[in-house]
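Remarks on the structure that follows.
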Amino acid sequence: MGLSEVSPEEIARARKIVPIVTVQNRYNFDDRKWENTLKYCEQEGLGFMPWAPVGGMRGLKSDALEATAKAKNATVYQVAIAWLLQRSPVMLPIPGTSSVKHLEENVAASKVKLTADEMKALGG
Ligand SMILES: NC(=O)c1ccc[n+]([C@@H]2O[C@H](COP(=O)([O-])OP(=O)(O)OC[C@H]3O[C@@H](n4cnc5c(N)ncnc54)[C@H](OP(=O)(O)O)[C@@H]3O)[C@@H](O)[C@H]2O)c1
């Protein structure tokens, strides 16, 4: 089963009842509130599928993202997705889009590789 919007304690409680394989909490470049749940998923080998991975309806606005995007000849959304993918080996982002152009752009983000310095500039 998968769980959504849960703390490590809640996942641990649920796992006593049923096997849990994935967790979906809100998480993106601008919203790292569930960092502790991400770390728990990493330690326990559970998939973490962030919802609103590119900021949802609000989108993403950040000088750091824009600067990195410019330096990489990529878009802000691509850098935000690349950042998520490099943030954790259990991260499984599924950005929502109604546009083929954005879908292609988002898939191509998997080819954007951020250096250790770039990750540091983006807050790790
Ligand atoms: N578990 C939960 O509680 C929960 C809650 C909410 C959502 N979800 C799920 O999480 C998934 C994603 O969340 P979400 O759709 O709310 O948020 P999201 O993927 O962060 O953002 C979607 C928005 O970003 C825009 N967008 C995507 N790619 C873009 C790009 N390359 N350039 C510019 N704009 C771009 C889309 O506009 P365009 O259409 O114009 O591309 C859309 O407005 C969905 O599958 C959803 O069902 C789960």
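Here are a few things to note about the model shown:
- Against the criterion of solvent-accessible heavy-atom surface with a 1.4 angstrom probe, ILE94, ILE11 sort, most first, into ILE94, ILE11.
- Neighbour net charge for ASN25 - beta-carbon separation under 11 angstrom, K R +1, D E -1: -1
- Of the residues MET119, MET1, the one with the largest accessible area comes first in the ranking MET1, MET119, computed with a 1.4 Å probe on protein heavy atoms.
- Size of charge dipole - the stretch 1-95 - debye, nearest 20, with Cβ of Lys, Arg +1 and Asp, Glu -1, no other charges: 80
- Here the spin labels are modelled as points 7 Å beyond Cα on the Cα-Cβ line, and at GLU9 and ARG26 they lie 2.1 nm apart.
- When both bridge partners sit in the chain, DSSP labels roughly 10% of those beta bridges antiparallel.
- Karplus 3J(HN,Hα) series, Hz, for the stretch 2-13 with 6.51 cos²θ - 1.76 cosθ + 1.60 (x for Gly, Pro): x, 10, 10, 6, 10, 8, x, 5, 5, 5, 4, 5
The values are calculated or read from the model by the stated rules, or taken from the named source; none is laboratory data. Quick caveat: nothing in here was measured; it's all calculated off a predicted structure. Every residue, glycine as well, gets a Cβ built from its backbone with ideal geometry; the counts of neighbours run over all protein chains shown. For accessibility, only protein heavy atoms count, side chains too; no ligands or nucleic acids. Shrake-Rupley method; radii C 1.70, N 1.55, O 1.52, S 1.80 Å.
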